[in-house]
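What follows is a set of notes on a single structure, which appears directly below.
The values are calculated or read from the model by the stated rules, or taken from the named source; none is laboratory data. Treat the numbers as computed from the prediction; the structure is a model and nothing was measured. Note: ideal-geometry Cβ built from the backbone for every residue, glycine included; neighbour counts use all protein chains shown.
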C-alpha cells in the first residue's frame, strides 16, 4: 500500500508513565494505530520537557525521572488520521495532540 503526496502527521505528546487500560499509553496507541491500518508510527523518548502542568521531566543524572517525555508520530492520509482521533480522545487522560500537513517523498519497505 503506497503513500505519496500530501499526508497528515499527528504528534502525540505524553509522559512515559501514562497508561491506557493499565498498559503504557505509547504502546497502546501504536498497536491501535497498526490495527487500524495507519501506515507509519514512531515513538520518540525525550530527554527533557514539560507540559501543561509546567513540571520539568529530565533524564539528568542527579534527577532521574521515570516519566520522561514521549512523542508518538503517526503518518497517513488525512482521512485515516482523522478517523483515529476519536479513539485517541477517548483513550488519553492527558497530553497534547497536534496535526500538520506533510509531503511524503518516499514510503517503501526496506525489505
Checklist entry - Of the residues that make up segment 30-43, is at least one modelled with pLDDT of 95 or more, part of a helix (DSSP H, G or I) and in contact with a strand residue (DSSP E or B) (Cβ under 6 Å, 6 or more places away or on another chain)? => result yes
Checklist entry - Out of segment 78-101, which residues are touching a strand residue (DSSP E or B) at 6+ places or on another chain (Cβ under 6 Å) and either surrounded by 12 or more Cβ atoms within 10 Å (Cβ to Cβ) or modelled with pLDDT under 95 (or both)? => result 78, 81, 91, 95, 96, 97, 99
